[in-house]
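One structure below.
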Amino acid sequence: GSMRNLCFLILFLTLTSVWAIDVTVSEAPDDTLALTISAIKSAKKKLLINVYELTSPEIAKALQAQIESGITVKILVEGNPVGGFSKAAASIKKQLVSSMKKQDFNDRFFVMENNGEKKRRFVFDHAKYVVIDDNSVLVGSENYSPTGNPNPTSLGNRGWEVWVQDGALADYFTKIFENDTVTQYGD
């Protein structure tokens, strides 16, 4: 399988309008890593990443390069995944936070976890999406891990990823990200 560029035409007969939305689709394990990295590298201003698990060295490297180039990067990960926060996740968090501290004060790395004082809003933050430059969204089923986004020669999960070029959808996911990173809830 290879990434497929699709153009969906949605016809609204009552409005006599035609809408075209560019969508790129990939499937895991074959090519989700390539699409994820391509989407991350395409950012010119800002990336908002919400993912359950971030343990892929290749994805971390692409994010670090964007941070170091001056792109605003905000990341939200689950702090209490099943099996705990892994050494790989902790190492990537440390690496990305270190790069963020050297760059833009707008960069943030959020970890959703129970702080002991208040109840969490969600059992898990199990989302997997990236908002790119307020005009597109990458959304999929797989974690940003070596099995969720494997190298093409590695064994990985069966899954999918879709990159949608649509400002309205990007705005929708941006609002979700902003709500989920509000710290007043204590999680």
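The values are calculated or read from the model by the stated rules, or taken from the named source; none is laboratory data. Bear in mind the structure is a predicted one, so any value in this text is a computation, not a measurement. Cβ placement follows ideal geometry from the backbone for every residue including glycine, while neighbour counts extend to all protein chains displayed. Please note that ligands, DNA and RNA were not included when accessible areas were found on the heavy atoms of the full protein model with its side chains. Shrake-Rupley method; radii C 1.70, N 1.55, O 1.52, S 1.80 Å.
The slack between Y172 and N135, meaning 0.36 nm per residue of separation minus the straight C-alpha distance, is 12.3 nm.
Which trypsin sites (Lys or Arg not before Pro) from the range 70-104 combine a DSSP loop assignment with at most 14 other Cβ atoms within 10 Å?
When the trypsin sites (Lys or Arg not before Pro) of the range 70-104 are filtered for loop state and at most 14 Cβ neighbours within 10 Å, K102 remain.
Rounded to the nearest percent, how much of the accessible area of the range 56-165 (1.4 Å probe, protein heavy atoms only) is carbon and sulfur? Roughly 54 percent of what the probe reaches on the range 56-165 is carbon or sulfur. With a/c under 1.5 counting as rounded, go ahead and sort the range 15-117 into rounded, prolate or oblate using the C-alpha gyration tensor (a ≥ b ≥ c being the square roots of the eigenvalues; past the cut-off, prolate if a/b is larger than b/c, else oblate). Prolate, because a/c is 1.5 or more and a/b exceeds b/c.
Among the listed pairs K74/K101; K46/K74; K74/K102; K45/K74; K44/K94, those with a Cα-Cα distance over 18 Å are K44/K94. Counting only alpha carbon atoms, the long axis of helix 57-68 and the longest principal axis of the chain meet at about 90°. What you get for the chain, charging only the Cβ of Lys and Arg (+1) and of Asp and Glu (-1), is a dipole of about 500 debye around the Cα centre. Taking only Cα atoms, what is the 0 to 90° angle, nearest 10, from helix 167-180's long axis to the longest principal axis of the chain? On a 0 to 90 degree scale, this one is about 20.
Between the range 107-149 and the range 36-105, the alpha-carbon centres lie 11 Å apart. Scaling against 2.2 N^0.38 Å puts the C-alpha radius of gyration of the chain at 1.05. Here the simple spin-label model places points 7 Å from the Cα toward Cβ, and for V123 and D30 these points are separated by 3.3 nm.
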